[in-house]
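Notes follow once the structure below has been shown.
The values are calculated or read from the model by the stated rules, or taken from the named source; none is laboratory data. Nothing here was measured: the structure is a model prediction, and the numbers come from that model. With ideal geometry, Cβ positions are generated from the backbone for all residues, glycine too; neighbour counts draw on all protein chains shown.
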Amino acid sequence: MLSILTVNIGAAARQRAEALLGWLAARPEDVFVLTETSGGPGTAYLLEQFRAAGFAVAYAADSSGDRGTAVVSRVKVERTLDELTSGVSLPGRVAGVELATTPRTAVLGVYVPSRDRSVDKIEKKERFISSLLAGLDKLPDELRERLVVGGDYNVIARDHQPLHAGFLPFEFGLLETLESHGFVDAYARCSPGEQAYSWIGRTNDGYRYDYFHVGAKLGGSIAGCAYLHETREQRLTDHAAVTLSLEIAKVERLETSDPTAAGDGLF
């Protein structure tokens, strides 16, 4: 079994990062996809503690200070997916790895930019989504079909309930294009017809922003997918986490220790 969890950490400052680390360290998942990372001390602390505990970390901080994504794995990483991550408009917002599993499995973490009504932010988000989908198009079929995409997409589906106003066709198109390429919405596969929410707005309206999509060759391996609202309830972040389980025959795990006890936390 291979298990993956994604959670938006909300550019956690150091104190909240320590609480997040404690929560993550107690989780059983093999791979963590952390979105809305930042160049601040909170993200640095989290990733350094995981590295010191023997986890593999894929992360490229954006030199402009933009928010990003990290993949943290207790499964051996065979390689990073540089051919995909280097081609997107905001490379720091994606992190991809190919894992030592049989059958081979790859994971791509994604943090799509949020936006307001300004032209600049709309164009920034549309460029990112277009470049991400173009990169997926260029992957060999064999790799794309065993790829797990997960993270905070900052979009909702066209049939979302309620269907919040203001979302544009290119935002609906992200989910629709993934599914047209054979990616399976893992939660929808496990809980058909149920509307999940991962972020709650100021007006108490729910939005499903965080997802896992599984490539066509892995679709039959989905064993479970669920939203974990304890991250919101404990105020670790304002997003629910999402957990995914895949029936994978062989997983080569690293020797890791407790990241809360690793190192001295000083940089």
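Annotations for the structure displayed:
- In region 198-220, the residues that are polar (S, T, N, Q) and surrounded by 20 or more Cβ atoms within 10 Å (Cβ to Cβ): Ser198
- Looking across Arg14, Arg27, one residue alone is surrounded by fewer than 17 Cβ atoms within 10 Å (Cβ to Cβ) and under 21 Å from Asp210 (Cβ atoms). It is Arg27.
- Among the conditions (1) at pLDDT 95 or above; (2) among the polar types (S, T, N, Q); (3) over 20 Å from Leu244 (Cβ atoms), the only one that Ser180 does not satisfy is (1).
- Pair list, Cβ < 9 Å and 6+ apart or interchain, from region 45-56 residues that are touching a residue at least 60 places away in the same chain (Cβ under 8 Å) to residues that are assigned to a helix (DSSP H, G or I) and of a type in the set (Phe, Trp, Tyr): Ala56/Phe50
- Within region 138-176, considering residues that are touching a Phe, Trp or Tyr at 6+ places or on another chain (Cβ under 9 Å) and of a type in the set (Gly, Ala, Ser), the one modelled with the lowest pLDDT: Ala157
- Of the residues Glu36, Glu29, the single one that is assigned to a loop (DSSP other than H, G, I, E, B), touching a strand residue (DSSP E or B) at 6+ places or on another chain (Cβ under 9 Å) and under 23 Å from Ala186 (Cβ atoms) is Glu29.
- Residues that are of a type outside the set (Lys, Arg) and either more than 13 Å from Asn154 (Cα to Cα) or surrounded by 13 or more Cβ atoms within 10 Å (Cβ to Cβ) (or both), drawn from region 113-127: Pro113, Ser114, Ser118, Val119, Asp120, Ile122, Glu123, Glu126
- With respect to (1) of a type in the set (Gly, Ala, Ser); (2) at pLDDT 95 or above; (3) closer than 26 Å to Ala216 by Cα; (4) part of a loop (DSSP other than H, G, I, E, B), the lone exception for Ala58 is condition (4).
Residues are listed down the side, and each one gets a yes or a no for (1) at pLDDT below 95; (2) under 20 Å from Ile4 (Cα atoms); (3) of a type in the set (Val, Ile, Thr):
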{"site": "Gly40", "(1), (2), (3)": "yes, no, no"}
{"site": "Leu46", "(1), (2), (3)": "no, yes, no"}
{"site": "Ala53", "(1), (2), (3)": "no, yes, no"}
{"site": "Asp66", "(1), (2), (3)": "yes, no, no"}
{"site": "Val71", "(1), (2), (3)": "no, yes, yes"}
{"site": "Asp82", "(1), (2), (3)": "yes, no, no"}
{"site": "Leu90", "(1), (2), (3)": "yes, no, no"}
{"site": "Val97", "(1), (2), (3)": "no, yes, yes"}
{"site": "Arg104", "(1), (2), (3)": "yes, yes, no"}
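- The numbered conditions (1) closer than 22 Å to Val112 by Cβ; (2) within 16 Å of the chain's Cα centre (by Cα) are all true for Gly42 except (2).
- Screening the candidates Cys225, Cys190 for the property of being at pLDDT 95 or above and surrounded by fewer than 19 Cβ atoms within 10 Å (Cβ to Cβ) yields one hit, Cys190.
- Odd one out for Trp199, checked against (1) over 15 Å from the mean Cα position of the chain (by Cα); (2) at pLDDT below 95; (3) under 25 Å from Gly10 (Cα atoms): (1)
- Taken over region 16-31, the criterion of being of a type outside the set (Asp, Glu), in contact (Cβ under 8 Å) with a residue 12 or more places away in the chain and under 19 Å from Arg235 (Cβ atoms) is satisfied by Arg16, Ala17, Ala19, Leu20, Leu21, Gly22, Trp23, Leu24, Ala25, Arg27.
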